[in-house]
1. Among the candidates ASP74, ASP85, ASP19, single out the residue that is modelled with pLDDT of 95 or more, of a type in the set (D, E, K, R) and touching a Gly at 6+ places or on another chain (Cβ under 8 Å).
2. Looking at (1) modelled with pLDDT of 95 or more; (2) surrounded by fewer than 20 Cβ atoms within 10 Å (Cβ to Cβ), which is the only condition ALA181 fails?
3. Just one of ALA282, ALA299, ALA265 is surrounded by 17 or more Cβ atoms within 10 Å (Cβ to Cβ) and hydrophobic (A, V, I, L, M, F, W, C); which is it?
4. For region 111-148, what are the residues that are modelled with pLDDT under 95 and among the aliphatic types (A, V, I, L, M)?
5. Among the residues of region 18-38, which ones are of a type outside the set (Phe, Trp, Tyr) and surrounded by 24 or more Cβ atoms within 10 Å (Cβ to Cβ)?
6. Would you check which residues across region 115-161 are farther than 25 Å from ARG206 by Cβ and in a helix (DSSP H, G or I) and list them?
7. Counting just the residues of region 63-81 that are assigned to a loop (DSSP other than H, G, I, E, B) and in contact (Cβ under 8 Å) with a residue 24 or more places away in the chain, which one comes out surrounded by the fewest Cβ atoms within 10 Å (Cβ to Cβ)?
Amino acid sequence: MTTPQRTTGSRFGARSTADEVLDGIDLAGTTALVTGGYSGLGLETTRALARAGARVVVPARRREAAEKAVGGIDGVETADLDLSDLDSVRRFAERFLDSGREIGIVINSAGIMACPETRVGPGWEAQFAVNHLGHFALVNRLWPAIARGGGRVVSVSSGAHGMGMRWDDVQFERGYDRWQAYGQAKAANVLFAVGLDARGRGAGVRAFAVHPGSILTPLQRHLSTTEMVDAGWIDESGGLADPTFKTPAQGAATQVWAATSPGLAGLGGVYCEDCDIAGPAADGVEGGVHPHATDPREATRLWELSARLTGVDAFAGVAR
């Protein structure tokens, strides 16, 4: 049964923090995996989950930087993982599965935004590869541990998902636009949640996509100061100029809420923002989810493409 894109009546909102969302929730005994969990929203997510009692695994491309960032947080461990390298993904997953542990929460928070044209692996466009394909392969390879945990998988998307998939040129081989490539990757994050939820709900695993809101974090590393001033995000001195921007703690709240909220029990495959399920996008109205991003046919199309590209599909041959 498809979960409708309508509010749950959550008591939280745009200014709620990750700690507020987790108040009263005990995650002792739960293992959470947070990609990108040592920087920006991911670091705030790691801190909040650990304070709630979870054991948090933070896989990182820059292991030394990750150790420095999370070293003082009890209950957090790091591991080597480069999402742009499928061999690295396979090695991490094999090591984790060998440990025999189960995973109760996965938050796919790592990502890149609006980077110069970059090719990884067999020539894949980097934003699609890192933000989507690496996470697709990771979750599929870790599926035995995720299924045993019976929890939730949360993919961090963006309002940019409205740009949609460039199905006739997914790898941007016919002209690269960094923002369109970012938007495609964020649409893929939503479609992955839809596809995974349809496949995983029989095992008790539900999947969600979230828009954290606008937040100044290291995600903007590829943008110049001039670009951000012109966009109205910051002023000439580098201070925050847009009052709608959230703090990192507020930005982390929706992904933590989607991963833990009792109000989402029995639900999944939806796009969330401001600590609630988002409604449909409408012209002239900020926020909401575009219909192409939650279309089950589009989700199946992306799943099949991703499985071909990565060579991984934990659900191959499983009737749905």
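The values are calculated or read from the model by the stated rules, or taken from the named source; none is laboratory data. All values reported here derive from a predicted model rather than from experimental measurement. Please note: Cβ atoms are built from the backbone with ideal geometry, for glycine as well, and neighbour counts cover all protein chains shown.
1. Details: ASP74 fails: touching a Gly at 6+ places or on another chain (Cβ under 8 Å); ASP19 fails: touching a Gly at 6+ places or on another chain (Cβ under 8 Å).
The conditions single out ASP85.
2. Failed condition: (2).
3. On the way: ALA282 fails: surrounded by 17 or more Cβ atoms within 10 Å (Cβ to Cβ); ALA265 fails: surrounded by 17 or more Cβ atoms within 10 Å (Cβ to Cβ).
Exactly one residue qualifies, and that residue is ALA299.
4. ILE112, MET113, ALA114
5. Step one: of region 18-38, the residues of a type outside the set (Phe, Trp, Tyr) are 18-37.
Correct list: ALA18, VAL21, ALA32, LEU33, VAL34, THR35, GLY36, GLY37.
6. Keep residues of region 115-161 that are farther than 25 Å from ARG206 by Cβ, which gives 115-127, 129.
Across region 115-161, the qualifying residues are ALA126, GLN127, ALA129.
7. Filtering region 63-81 for residues assigned to a loop (DSSP other than H, G, I, E, B) gives 71-75, 81.
From the residues that got through so far, the ones that are in contact (Cβ under 8 Å) with a residue 24 or more places away in the chain too are 73-75, 81.
Numbers: ILE73: 18, ASP74: 10, GLY75: 18, LEU81: 25.
Per the criteria, the residue is ASP74.
Residue by residue, here is whether (1) of a type outside the set (Val, Ile, Thr); (2) more than 30 Å from GLN184 (Cβ to Cβ) holds:
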{"residue": "THR30", "(1), (2)": "no, yes"}
{"residue": "SER39", "(1), (2)": "yes, no"}
{"residue": "ALA50", "(1), (2)": "yes, yes"}
{"residue": "PRO59", "(1), (2)": "yes, no"}
{"residue": "GLU77", "(1), (2)": "yes, yes"}
{"residue": "ASP85", "(1), (2)": "yes, no"}
{"residue": "ARG90", "(1), (2)": "yes, no"}
{"residue": "ASP98", "(1), (2)": "yes, yes"}
{"residue": "ALA110", "(1), (2)": "yes, no"}
